[in-house]
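Heads up, the thing below is written out as structure tokens.
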Amino acid sequence: MKLSKVSPRKSRQARRIRRVGWQEAGAMELIEAYVTATRGAGASARVTPRFKTFYTYAFASMVDSLRRLAGRSDLGKVALKVTWSNNVKAETVRIEDVTYIVLDQFVGQTFRKLTRFTVREYEARHLDAYLFKLYANLSLVNGHPWAALEFGLCHRRWEDHRVLPRVREEEVEAWLAQQDYFVLAHELAHWFLRSGSLEALAARTNFLASLRVAAAYKEHRKPESWRIRSIDESVRTWRVAYKRAFGALPAASIEQKYRDVYSNVDAEKTDLDVILPVVSQEDEELVEECICDAIATDLVGEFAERAGMRYVDGLRASFAALQNMRFLRQVDAMTKVRVEDLPISCGRLDWDSPDVIRWVAYRTSVFALTLRKSKGVANWTLRDPFTLLDYVANAATLERVHALLSSYNEAFYERLHDHTFDIFAEAASIYIVKELRCDPEYLKLKVMSLTQCITVAKWCCDWL
Ligand SMILES: [Zn+2]
């Protein structure tokens, strides 16, 4: 018999295949190939071990919760793949009979940064420096390397503000870290729902029933109802952002210009009108997204309790995560239109966009989840018996949670949102066109190859 030499790598592979079986080994190779193709070589190897450990623990804990919800129904195989790249998203990939949740470590890092800008007071220049980096990132992902280079160079020029002042460890609030788990939980909720099990069907029915009653409660709360932001509220938060950026309140003519742009928002539209495509089940994809958000919030709440926090901390983290997700979608929409010299302020999300509907549905479902939790039926596979009267009778509990989330929401607009979309977007476009593109040093860079351009853009943002 001829003995062939087996290389150490091959024998490791053979051991692994013996351990997990041929089929799974094939899926593992394929997911590795998928990650390399979509996120670049080394996307798996660059993951910080500490984060991988956190995510693996949260993943196992949440899979366990969902399997318990499913009872005897078979949800199928699920596995986690943590990566590190410039992708600010998580996704679900099915290979053979395994559902892989691909989670980029970068998602959590970006979320935590955005939330820091929301909950803390930083100079506007710090935010500008970070936004240049964020726009560079999304331009790169969206296939606009030259735009990425311009944003990257601007980020580099804001040298003194590139690094945020350090925060003492004890001042970092624990709930902030729970945001990453919302993204993970949301993808796992898709896996649960797509199992087609009776429990998944029950979760869907119960969610839609609760959403309708919670929407009625929101209407009942008028005028304090959590409605579409009025033009006056938009002006108020924008004035705060403006003062921080320019050191003085806007002149009357500038304020009027702002009002003219935004006053066409249909203030008569109620939240119920906005979420109609969800409650009437008109848009199946959107319905699934909303249910996954609700299931994910409950999972994060439960996980927060397991980590020694309160359920409401998980709720707050989920709220912040979804707000950040929507924020990133808007930045993403802006970078997509930034071809040639279109100002980045051109890409906006309007009231009919799925992200906005999803967000309004989420704010409504928070009332339902709060009441359900307080009565011990938070898990969505259980039907709740609550009517509008029950919501009114428990208003004090609901309003407490609402106030907590509202204060986060206000800070989000005052410190992050309005500056980004109503001040930075315009100013950055002007700065790039007038300053950067007239700089002889920059013009010298224009002879670079595409590969060199990508490398320099990444170097500017410290991603090499
Ligand atoms: Zn989703």
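FYI, it's all coordinate maths here, none of it is from the lab. Please read these numbers as outputs of a predicted model, since none were measured by experiment. Glycine gets a Cβ as well: all are built from the backbone with ideal geometry, and neighbour counts include every protein chain shown.
List the lysines whose Cα sits under 24 Å from the Cα of K218, skipping any in the same chain fewer than 8 residues away. Correct list for K218: K269, K373, K375.
The orientation-averaged projection of the convex hull spanning the C-alpha atoms of the chain amounts to 26.9 square nanometres. Bridgeable aspartates and glutamates around K222 (alpha carbons under 18 Å apart, same-chain partners fewer than 8 residues away excluded): D232, E233, D266, E268, D271, D273, D390, E399. Here segment 18-105 was treated as a single set of alpha-carbon atoms; its pair distances binned every 10 Å from 0 give 16, 45, 34, 6 percent. Modelled label positions at T48 and S353, each set 7 Å beyond Cα in the direction of Cβ, lie 2.9 nm from each other. Among the listed pairs K89/K336; K133/K446; K243/K434, which are separated by more than 18 Å between their Cα atoms? Among K89/K336; K133/K446; K243/K434, the Cα-Cα distance tops 18 Å for K133/K446; K243/K434.
Under a model in which nothing but the beta-carbon of Lys, Arg (+1) and Asp, Glu (-1) is charged, segment 18-105 shows a dipole of about 280 debye around its Cα centre. For segment 237-289, applying the loop criterion from DSSP together with a ceiling of 12 other beta carbons within 10 Å to the GluC sites (Glu not before Pro) yields E268, E282. Remark on segment 77-176: Rg and Dmax equal 16.6, 51 Å (Cα only).
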